[in-house]
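Visitor: Starting off with a structure, shown below.
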């Protein structure tokens, strides 16, 4: 392609949220569907474990459905980023919704907990494909100085919807029964998502290619990002994985922060409902606590993402980890629905400070040519955190025969992770810390 034709094509792929509002909003709608699908399992399933044959105190077996979800989603995240770069964003999104179709039927007809674990394998595949590609697509469409906002809107849509679904399924389960509620809610969401993807979603890969050409040809306006040097001119997926996971200090610190934030979310997913149920809360009240946590997490990203566009990513991430730790401490030391709701708000704000801004930070220092692979590698580690969290927290609870020690382990990990980001990484925002 000559320079004139490349410039002409770049003109048709002008980045900016306002310029691309219809497709940006369509991607935001898709991530709402992703959050609704995930939220169907956040409140009801852990409290029903005994109905599926999980004996009291078998915390590792209980955690197995999250462990399976985390391992599968982590691997699929890694594959999804590379697939999005190779075959396009829309195809990957549609594959994600097709992978979700067995979930409602497995939950409806489940004979034992193993069926739930299998359902979560499909959930991990679906989430890894669908959520990964919505983030990539929304970043494709946004300008460089809108990345925090774009990711914030994406994560807001997903986690606010997850909170709504957690509360809604708790109410529906109390009215119609758990299996019917989970089946009807999840199947309706999945079918609607697949149809809107097929009919209305457009491909955004051309925006990333246009941005990459602008970088290479010196036409990119604004400060230059601290993009790491790769060992080869066209790095493969494995080289990018090693760069993000181990070789680059800042990307390595961001990856471990992603793992630990999911360990904390595993605590909420598995052990919050058990802990509060043991303390006398019913399904609806537990749904309020987990729903408020997710909704505050989601809504607060509308300000935490744009804030990082102005003041930088690093310290918001570190303080977010420490604030989540404070919320966990509140759940341990306080008692009663009102105080647990307040602790859930604190945890939600902390998650909002760190969650979209880690993704924005990885984007900051990733070449657009391998942005999908880079985000896929980060999201591999982040969502494998569910599996790591399930093994660690389930194991601690199993050995101690109580859920409380798992809360203290999570608290310690959050404090250490925040320190790693604060003292072991650089600011990534190109305006605040540009490349020399």
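Visitor: Return only the number of the condition from (1) part of a helix (DSSP H, G or I); (2) within 23 Å of residue 180 (Cβ to Cβ) that residue 78 does not satisfy.
Guide: Here residue 78 meets the rest and fails (2).
Visitor: Still on this model: Within the stretch 405-423, take every residue that is surrounded by 13 or more Cβ atoms within 10 Å (Cβ to Cβ) and more than 15 Å from residue 324 (Cα to Cα) and give me the one that is farthest from the chain's Cα centre (by Cα).
Guide: The extreme case among them is 405.
Visitor: Here's a follow-up. Would the stretch 150-169 turn up any residue that is surrounded by fewer than 18 Cβ atoms within 10 Å (Cβ to Cβ) and either assigned to a helix (DSSP H, G or I) or touching a residue at least 24 places away in the same chain (Cβ under 8 Å) (or both)?
Guide: no
Yes or no, residue by residue, for (1) touching a helix residue (DSSP H, G or I) at 6+ places or on another chain (Cβ under 9 Å); (2) closer than 19 Å to residue 251 by Cα; (3) at pLDDT 95 or above:
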| site | (1), (2), (3) |
| --- | --- |
| 315 | yes, yes, yes |
| 322 | yes, no, yes |
| 325 | yes, no, yes |
| 334 | yes, no, no |
| 337 | yes, no, no |
| 363 | yes, yes, no |
| 382 | yes, yes, no |
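Visitor: Going by the conditions given, is residue 362 more than 22 Å from residue 421 (Cα to Cα) and under 19 Å from the mean Cα position of the chain (by Cα)?
Guide: Working: more than 22 Å from residue 421 (Cα to Cα): no; under 19 Å from the mean Cα position of the chain (by Cα): yes.
The answer is no for residue 362.
Visitor: Moving on. Select, from 120, 112, the only residue that is touching a helix residue (DSSP H, G or I) at 6+ places or on another chain (Cβ under 6 Å) and over 20 Å from residue 159 (Cβ atoms).
Guide: It is 112.
Visitor: Confirm whether residue 106 is without any contact (Cβ under 8 Å) to a residue 40 or more places away in the chain, under 21 Å from residue 23 (Cβ atoms), out of contact with any strand residue (DSSP E or B) (no Cβ under 7 Å at 6 or more places or on another chain) and crowded, with 17+ Cβ neighbours inside 10 Å.
Guide: Numbers: without any contact (Cβ under 8 Å) to a residue 40 or more places away in the chain: yes; under 21 Å from residue 23 (Cβ atoms): no; out of contact with any strand residue (DSSP E or B) (no Cβ under 7 Å at 6 or more places or on another chain): yes; crowded, with 17+ Cβ neighbours inside 10 Å: yes.
Considered against the rule, which asks whether it is without any contact (Cβ under 8 Å) to a residue 40 or more places away in the chain, under 21 Å from residue 23 (Cβ atoms), out of contact with any strand residue (DSSP E or B) (no Cβ under 7 Å at 6 or more places or on another chain) and crowded, with 17+ Cβ neighbours inside 10 Å, residue 106 comes out as no.
Visitor: Inspect the stretch 173-191 for any residue being out of contact with any strand residue (DSSP E or B) (no Cβ under 7 Å at 6 or more places or on another chain), touching a residue at least 12 places away in the same chain (Cβ under 8 Å) and closer than 30 Å to residue 365 by Cβ and give the result as yes or no.
Guide: No - not one qualifying residue is present in the stretch 173-191.
Visitor: Let me ask you something else. In contact (Cβ under 8 Å) with a residue 60 or more places away in the chain, over 30 Å from residue 145 (Cα atoms) and out of contact with any strand residue (DSSP E or B) (no Cβ under 9 Å at 6 or more places or on another chain), is that true of residue 278?
Guide: yes
Visitor: Do you know which residues across the stretch 215-236 are at pLDDT 75 or above, loosely packed, with under 12 Cβ neighbours inside 10 Å and touching a helix residue (DSSP H, G or I) at 6+ places or on another chain (Cβ under 7 Å)?
Guide: 231, 232
The values are calculated or read from the model by the stated rules, or taken from the named source; none is laboratory data. If you're wondering where the values come from, they're calculated on a predicted model, not measured in any experiment. When we count neighbours, we look across all protein chains shown, and the Cβ atoms used for this are built from the backbone with ideal geometry, even at glycine.
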